[in-house]
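Just below is one structure, and these are the notes that go with it.
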Amino acid sequence: MSDLIHELESEHASLVDSFNKIKRLEINSDGAPVQLQSIKVALLAHLKKENETVYPKLREESFNNLQLQRILDLFARDIVRLATVFIQFLDRYSHGGSQSDYTRDINRLSMIMSAFARREEDIIFSAYKDFTIGRAA
């Protein structure tokens, strides 16, 4: 199971790197929509993988663990908020826009994304490792 966590952590690093790369993107360039769409596809695939692997197992474990249940509820709300902000960002800039507004918004979104990925790795992935190690023993 640590292979899964390693894979998800690698995807986090790749997504954060992609966000850092598009910080320098000229939003009105011909290639901008393709690059934004590429990140959207990668992020949605990553979230789908987490939602089909990590979170269901932790939800199962949380039936007997109120603290874990609360943590998962907080993360679920955060994921919805993050997805909403990201979709609004894509809708706003999918056909260009103000470069200064884009720069401000992508910097904000990139910081949010990086912080969320770190928190998820520190809390959720650690709990998942503990859960799967405990089950294997």
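Just so you know, all these numbers are worked out from the coordinates, no wet-lab data involved. What you see is a predicted model, and the numbers here were worked out from it, not measured in a lab. Note that each Cβ is placed from the backbone with ideal geometry, even for glycine, and that neighbours are counted across all protein chains shown.
Here is how the numbers come out for the structure above:
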| read-out | value |
| --- | --- |
| In nm, spacing of pseudo-spin labels at Ala45 and Glu7 (7 Å Cα→C-beta vector) | 1.2 nm |
| Efficiency of FRET from Cβ geometry, Met111 and Val34, R₀ 22 Å, rounded to 0.05 | 0.40 |
| Listed residues Ala83, Ile124, Ser98: farthest to the positive end of the dipole of the chain (Cβ charges) | Ser98 |
| Interatomic Cα distance distribution for the chain, bins of 5 angstrom, percent | 2, 9, 19, 22, 16, 12, 9, 6, 4, 2, 0, 0 |
| Full-stretch length increase - Arg104, Arg59 - with 0.36 nm per residue and alpha-carbon distance subtracted | 12.6 nm |
| ³J(HN,Hα), Karplus 6.51/-1.76/1.60, whole Hz, each residue of the range 87-101, x for Gly, Pro | 5, 4, 4, 4, 4, 5, 10, 5, 10, x, x, 6, 5, 5, 5 |
| Reachable lysines, given that their alpha-carbon falls under 20 Å from the alpha-carbon of Lys129 and they are not under 8 places away in the same chain | Lys48, Lys49, Lys57 |
